[in-house]
Every structure is written in structure tokens, then in C-alpha cells.
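Values quoted throughout were computed directly from the atomic coordinates according to the rules given, and no laboratory measurement underlies them. These figures come from a predicted structure and were not determined experimentally. Glycine gets a Cβ as well: all are built from the backbone with ideal geometry, and neighbour counts include every protein chain shown.
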Ligand SMILES: NC(=O)c1ccc[n+]([C@@H]2O[C@H](COP(=O)([O-])OP(=O)(O)OC[C@H]3O[C@@H](n4cnc5c(N)ncnc54)[C@H](O)[C@@H]3O)[C@@H](O)[C@H]2O)c1
């Protein structure tokens, strides 16, 4: 299977570390020119230098800034072929309904649901004009069933994200633009590793009983699927949520 991406212009958010960095590396390895976006300037710059891409330090929850970012990319590179929105997470929000604050609610929804929408809105007109494009959002099992983190706005945000992507998929498919969600399971990214290692061996063993393949995943295993969805070979995959979770979804 070839996942050739030579000449493609790809925006990857959350590219400073974890699944986003792995995605930036993988897309670049396949020939895409990658514009990495993140709030962590130093780590992002390191990844961009390593892959010969561009670093744009930016908070993706800023809608006007997202439009500006896409305008700047189009100005410099002429187009956007691939939007891989990887940035997301629970942002240390409190677990459970009793401790939930409005501040947590808004900031977690803003990152996981609003920002991918703002970016999709910004890239859609150019993709429509060129009659091709790939909009890929990173979801979570939290959006399909529940979150092991117990963070309500995270589950809500990822569920909303799946709805947004399905709706965009229907609207944009006639223009040759595919929209899909890639949904990771337990992945040992920087963040994932901290969460995983904070759990007792007993808790880890219990969680592994709900992962058919019986192990945690690596960021590369998500990046590989994103690279495939970004390629021409995935041209007939539309509006899907692809669970890349070692079979956890069946439990
Ligand atoms: N690791 C897992 O087990 C797992 C499981 C399910 C879903 N996911 C999802 O995968 C994605 C990546 O997860 P990860 O584990 O690599 O996370 P991570 O926390 O290691 O990396 C997230 C990156 O996003 C960046 N970021 C955060 N807020 C941002 C903002 N407002 N603007 C720009 N950049 C921002 C961070 O600086 C960081 O570099 C997330 O959407 C997460 O919800 C991860």
C-alpha cells in the first residue's frame, strides 16, 4: 500500500509532541510539506527543523487567529491539502459533575470541539476551489462511549467533534474533500505516558483486560492511520470514525 503525499501541504496541530509530532513526522516522511502548529514554541521548532517543515506557534482556540493562520499558509504555499487536527486533551480539568467548573467546561470544549471546527471552516473554501482535500480530526473513545478520565467536557467535546466531522463529510464530499475522525485508544504519548504511569499496576491490569490486543499503543500507530487517510488510497472513506485502539471499542 502506498501512502504517497509528495507535494501536499499539510497543517498538523499539536505537532510539538505525542501523536501530533508523530503525525508531522509521518506525513513529512511520505513527502508532504508540514506546517506544525502548537503552543509549545521550543518543542514545535525542534520537530519542524527535524522534518524540514514550518513551525507556527499558535493557540488554535482563537478563531480569528485560525483564519489568519490558514490565510498565511495559503499566501506562502498556495494551498492546504491536509488538515490534521491532533491537538486536544483534558487540560487538567476536574473529574466528575460535582467538581466541574464552567471555566473547565469552556476551555475543554474550546480545544476539543470548537478549534477543529474553526480550522475546518478556514480551510474549506480553498479545498472546495481546488476540489480536493482531507480534513482529519483526532477523536477519542471518550466521544463514542465514555472517558476513563472522568472529564465530562472532554467526552462531550469529542462526541461533538464526531458530529461536526460527519456533517462536514456530507457537505464537502461532493467537492472531493473527505472528512474523517481517527480515534486513538490508550496511546503512550508524553501525556498518555504520564496518565498511564500514575495508575497502580492493578488498575493498569484491569484496563488492559478491556484492550483486545493486550497492550498500550504508540503515537506512530495513530500517525500511520492518519497518513493513510490523508492519501489518495483512502479516497472512498468518508465520514468515518476509525477506532485505532487495539480492540478496546468492543468492550
Ligand atoms: N494519548 C492517548 O491515550 C489518547 C487517547 C485518546 C485520544 N487522544 C487524543 O489524541 C490527541 C493527541 O493526544 P496526545 O496524547 O498526543 O496529547 P499531548 O498532550 O501529548 O499533546 C497535545 C499537544 O497539543 C498541544 N496543544 C494543546 N492545546 C493547544 C492549543 N490550544 N493550541 C495549539 N496546540 C495545543 C500541546 O501543546 C501538545 O503539544 C488529542 O486530541 C487527544 O485527545 C489521545
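Between residue 195 and residue 237, the FRET efficiency estimated from the beta carbon spacing at R0 = 22 angstrom works out to 0.15. Relative to the dominant Cα principal axis of the chain, helix 219-230 is inclined by about 40°. Computed over the alpha-carbon atoms, the range 122-181 gives an Rg to Rh ratio of 1.10, Rh here being the Kirkwood radius from the mean inverse distance.
Across the range 35-98, C-alpha contacts under 8 Å between residues 6 or more apart give a mean separation that, scaled by the residue count, equals a relative contact order of 24 percent. Compute log10 of I(q)/I(0) for the range 34-133 with the Debye formula, placing one identical point scatterer on every Cα and leaving out solvent, at q = 0.11, 0.14, 0.24 Å⁻¹, to two decimals. Those come out to -0.39, -0.60, -1.29, one per q.
When shorter helices are ignored and each DSSP H run of at least 4 residues is given -39500 (n - 2.57), the per-residue value for the chain at 222 nm works out to -14000 deg cm²/dmol.
So what's the projected area for the range 93-151, the Cα convex hull averaged over all directions, in nm²? Walk me through the intermediate numbers first.
Details: hull surface 19.1 nm².
Here the figure is 4.8 nm², rounded to one decimal.
List the relative contact order of the chain as a percent without decimals, with contacts defined as Cα pairs under 8 Å and 6+ residues apart. So the answer I get is 20 percent. The angle separating the long axis of helix 41-51 from the principal Cα axis of greatest extent in the chain is about 60 degrees. Would the range 1-88 count as rounded, prolate or oblate if I go by the C-alpha gyration tensor, calling it rounded below 1.5 in a/c and otherwise prolate when a/b exceeds b/c, oblate otherwise? Oblate, since a/c reaches 1.5 and b/c is not below a/b.
Compare 191, 30, 144 in a GNM of the chain, Cα atoms joined below 10 Å, and give the one with the largest fluctuation. Answer for the Gaussian network model of the chain: 191. With Cα atoms defining each centre, the range 213-251 and the range 155-173 are spaced 17 Å apart in the structure.
Shape class of the range 159-228 from the Cα gyration tensor (axes a ≥ b ≥ c, square roots of the eigenvalues): prolate, since a/c reaches 1.5 or more and a/b is larger than b/c.
Of all beta bridges that DSSP places with both ends in the chain, some 0 percent have antiparallel geometry. The value of relative contact order for the range 158-239, using C-alpha pairs under 8 Å at least six residues apart, is 40 percent. Which residue fluctuates the most in the chain, going by a Gaussian network model with Cα springs under 10 Å, if the choices are 198, 235, 132? Evaluated over the chain, the most mobile residue of the options is 198. Figure legend: label point modelled 7 angstrom from the Cα of residue 203 along Cα→Cβ; residues of the range 78-110 with amide N under 13 Å from it are 95. Normalised Debye scattering of the chain at q = 0.09, 0.13, 0.14, 0.17 Å⁻¹ gives log10 I(q)/I(0) of -0.36, -0.76, -0.89, -1.33, counting only Cα atoms as equal scatterers and leaving out solvent. By the Kirkwood approach, averaging reciprocal distances over each pair of separate Cα atoms, the range 75-175 gets a hydrodynamic radius of 14.4 Å. Across 75, 17, 130, mean-square fluctuation computed from a Gaussian network of the chain (C-alpha pairs under 10 Å connected) peaks at 75. Quick one: helix 63-77 against the long Cα principal axis of the chain, what's the angle to the nearest 10°, folded into 0 to 90? Rounded to the nearest ten degrees, it is 40.
Given R0 = 25 Å, the distance between the Cβ atoms of residue 103 and residue 170 translates into a calculated FRET efficiency of 0.15. Here the convex hull built on the C-alpha positions of the range 112-251 has a volume of 106 cubic angstrom per residue. In whole angstrom, how far apart do the alpha carbon centroids of the range 1-47 and the range 107-125 sit? Answer, in whole Å: 18.
Descending by average beta-carbon neighbour count within 10 Å, the peptides 41-48, 8-15 line up as 8-15, 41-48, the highest first.
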